[in-house]
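Following: one structure in structure tokens, then a few remarks.
The values are calculated or read from the model by the stated rules, or taken from the named source; none is laboratory data. This one's a predicted model, so the numbers in the text were calculated from it and none came from an experiment. Because the Cβ atoms are built from the backbone with ideal geometry, glycine has one as well, and the counts that use them run over all protein chains shown.
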Amino acid sequence: MVFYCLGCDVVAMDDAGMQSHRGLTLLECLLAVAIVALLSAMSVPTFRDQLAAARARAGAHQLYSMVQTARSTALLSGEDSMLCPSQHLEAEQPTCEGHFGESVVLMNPAGLSATLHKVWLPLEGVTVRNRAGTTVVGGTLRWDRYGFGNRNVTLSVCSGGHNWSVVVNRLGRPRLARQWGACP
């Protein structure tokens, strides 16, 4: 049997000089589909796990960025700055209420004339709790004009069992830590 390539089709010539087209049998096609389905089924849990790890890391980096921005704003402006969760962003003057897993605003705490600088929206599939993973973290984080913070806090970011934490010390400096907290 002699094979020739005519364009894209492979043509086989038998001993009598007649053309016969060869292709895949139904069994071969079903076997190929079964192998692809098996490999896909094995990769879905791994993909979901990687997606959860990426969400936790992205949430922690977003919180870290918030803290760095608030501290830098205080140092550069020479005025106090404040990070606080806010549920009512549509209001003329957002109020600080809720927890850090929701929308977070950066403003200067100048009483009734507070200036809103920036708003961060929450990431989907991410929870923010305390280091023990038992309660949500509320309240405010403040920095004075020298960059010193008002409290120590650990913001534990969880997604699918993966944990990253943003740890802010009393000096107002943040750091990222992997597996520093507990996920519920």
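Remarks
- All conditions but one from (1) of a type outside the set (D, E, K, R); (2) under 21 Å from A54 (Cα atoms); (3) at pLDDT 90 or above; (4) outside any strand (DSSP E or B) apply to A182; the one that does not is (3).
- Within region 84-141, the set of residues being touching a strand residue (DSSP E or B) at 6+ places or on another chain (Cβ under 7 Å), under 22 Å from R170 (Cβ atoms) and among the hydrophobic types (A, V, I, L, M, F, W, C) comprises C84, C96, F100, V104, L106, M107, V128, V136, V137, L141.
- Screening Q179 on (1) touching a helix residue (DSSP H, G or I) at 6+ places or on another chain (Cβ under 7 Å); (2) of a type in the set (S, T, N, Q); (3) over 25 Å from E97 (Cβ atoms) shows it passes everything except condition (1).
- Conditions (1) of a type in the set (A, V, I, L, M, F, W, C); (2) under 30 Å from D49 (Cβ atoms); (3) in contact with a Pro (Cβ under 6 Å, 6 or more places away or on another chain); number of the one not met by L155: (3)
- Condition met for Q68 (surrounded by 12 or more Cβ atoms within 10 Å (Cβ to Cβ), at pLDDT 90 or above, polar (S, T, N, Q) and in the same structural domain as W120 (by TED's automatic domain parsing)): yes
- As a summary of the residue check, Q93 satisfies the conditions (1) of a type outside the set (A, V, I, L, M, F, W, C); (2) part of a helix (DSSP H, G or I); (3) exposed (fewer than 13 other Cβ atoms within 10 Å of the Cβ) except for the one numbered (2).
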